[in-house]
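I have placed the structure first, in the form of structure tokens, so that the comments after it can refer back to it.
The values are calculated or read from the model by the stated rules, or taken from the named source; none is laboratory data. This one's a predicted model, so the numbers in the text were calculated from it and none came from an experiment. Glycine gets a Cβ as well: all are built from the backbone with ideal geometry, and neighbour counts include every protein chain shown. Quick note on the areas: whole protein, heavy atoms, side chains included, nothing else; ligands and nucleic acids left out. Shrake-Rupley method; radii C 1.70, N 1.55, O 1.52, S 1.80 Å.
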Amino acid sequence: MKQIVPGLQKIGRALMLPIAVLPVAALLLRLGQPDLLNVAAMAAAGDAIFSNLGLLFAIGVAVGFARENHGAAGLASVVGYLVATKGAEILIPVPPEVTANFTGQAAALAEAAFRAKELGKLSVPAGIISGLIAGVLYNRYSDIRLPAYLAFFGGRRFVPIASGFAGLLVALCFGFGWPVLERGMDSLSQAVLGSESIGLFAYGVLNRALIVTGLHHILNNIAWFLLGDFNGVTGDLKRFFAGDPSAGAFMSGFFPVMMFGLPAACLAMYHTARPERKKAVGGLLVSMGLTSFLTGVTEPIEFSFMFLAPVLYVIHALLTGLAMVLMDLLQIRLGFGFSAGLFDYILNYSRSTQPLLLLPIGAVYFVLYYSLFRFVIKRFDLKTPGREPEEVAVAAEVTTSGATPAQGWISALGGARNLISIDACTTRLRLVIADQKVVREAELKQLGARGIVRPSSDTLQVVVGPIADQLASEIRAGLSAAPVAVSEAAVADSSALLAALGGAANIQKVDVHATRISVTLRDPASVTAAAIKSAGARGAVAVGESTWHVIIGPQAAGVALALQPA
């Protein structure tokens, strides 16, 4: 289980890259419609993105899953996806009734159209599978060495080749297993959609409950891209934009919560804050409330009370499930390309069913959230923002003259030597670190962090809002520009470290990243983690199946040279 959850979190993070293109697709498709700008080319451009979501998922997932987010994995995923989908398209059986009324070329066209339509139902899963395969192959074989006469195809060039052969296997599975896959898809859709209120309530509650782990992205992908079928288009989100009047059940319930409920929760937290703290937290709460109302980005609010007052989060999750059921019972159908905020509500107003009913329901949810949050906070004296104890002033190094914001974050996270991997999703920094104990939460909160999550002993998530990706880039740039002080250096014994890593024969490749080295191994089982630290390393962690990151300090380049394979 310790390995499964981090793996699923990595998949969830990788899924965010292709999902990030959906807002522009929805915007182009919607603005190009006759009832708005009436620009056919614009609508076609948006539709092109929706029609090729499988390919986008293949590229995005591969790049997000690959070590160092290398683009070679994206190329490999395209090769795998094209081989898989085109191969499966030929192998999918065609029922006799499809061509019964046609002959010659017309029959061939009808057969091709049927296969393309059927395969379209699984384009997104095929893209995700192709992306995962390409990402795993890149992490495993990007450093492979082939015999001299095949050396040109070694290293990263080998990954698209391997991905192509893997795509052939996927094509065989999809093609020959199509009847089983189709029945499985239909059964899943009928089971979830047939469960009606129970299924929607469970989806709403789990969607919020899984946010802490990041696994809600996987749940959303099933609901938004797989469930249901409308003229060959699957998924609640895709069917909504394809004009399915029954689509939107898995999106509508978020609007009362994100546009009205959570902003009301912010107001309740402000009114229950200590008088001397209201000015300090007022700006933050107003900013988070407006962000939720306008864009539907809610994680900054949720993480502000998720750990300080878990009972409020339980209430929030239950109210979300209730909103999903209520909107469905009233046959309100709303949709979004990004999230359930005002912008998407206005943009997709004419496509929606009974959209005006959101306003009275939203007003009820505003009162409900405000009343419940205010009562529970005061009744149980919960330490929501503005009510928590005053924190000890943090070290002045965060605001040291000449220090950049990125350097402040690096310092609060334990310094450059403590950061092994830096990534981000929509609102969170996702970090792999050497030592949780040296992370200074008080400083992180002063810098603007709105929540801290520790999914495992070596991973850390810091909620910072929509600036997460930009901040991650700045921190990576700061690591390259700011070497660790000499006084922090570790005196690493290269010979002992080599032995701890399984010996010279086990080293496949060594790369240097500022103060740490990345070692790709032939047999990861030969590594002795305790011996790595005994050799003088400040920390070490396995990243992927065959790679270890070892924190050395300023000596990293010299140690890497000593470890290089012959």
Packing rank of 85-97, 419-431, where each peptide gets the mean count of other beta carbons within 10 Å, highest leading: 419-431, 85-97
Heavy-atom accessible area per residue - segment 403-553, 1.4 Å, Å²: 39 Å²
Distribution of pairwise C-alpha distances over the chain, 10 Å bins, in %: 3, 15, 23, 24, 19, 11, 3, 1, 0
Ratio of Rg to Rh over segment 488-563 (Cα coordinates, Kirkwood Rh, two decimals): 0.91
Chain lengthening between D511 and A110 when straightened (0.36 nm per residue, less Cα-Cα): 139.0 nm
Kirkwood Rh and Cα Rg combined as Rg/Rh, segment 151-298: 1.16
Segment 3-195 - Rg and Dmax from Cα coordinates, angstrom: 19.3, 63
Solvent-accessible area per residue for segment 6-156 (1.4 angstrom probe, square angstrom): 45 Å²
P(r) weight above 11 Å for segment 11-55, C-alpha pairs, percent: 63 percent
Ordering of 192-198, 273-279 by burial proxy (mean other Cβ atoms within 10 Å per residue, highest first): 192-198, 273-279
Tail fraction, Cα-Cα pairs, segment 249-388, threshold 21 Å, whole percent: 38 percent
Distant alpha-carbon pairs in segment 398-481 (separation over 22 angstrom), percent: 11 percent
Segment 45-116 - Rg over Rh from alpha carbon coordinates, Kirkwood radius: 1.17
Percent RCO, i.e. relative contact order, over the chain, from Cα pairs under 8 Å lying at least 6 residues apart: 11 percent
Cα-based Lys pair tally, the chain, threshold under 23 Å, eight or more apart or on separate chains: 18
Rounded percent of accessible protein surface that carbon and sulfur make up, segment 398-481, 1.4 Å probe: 50 percent
Amide H within-cut-off set for H513, under 5 Å, with H built and near neighbours excluded: S518
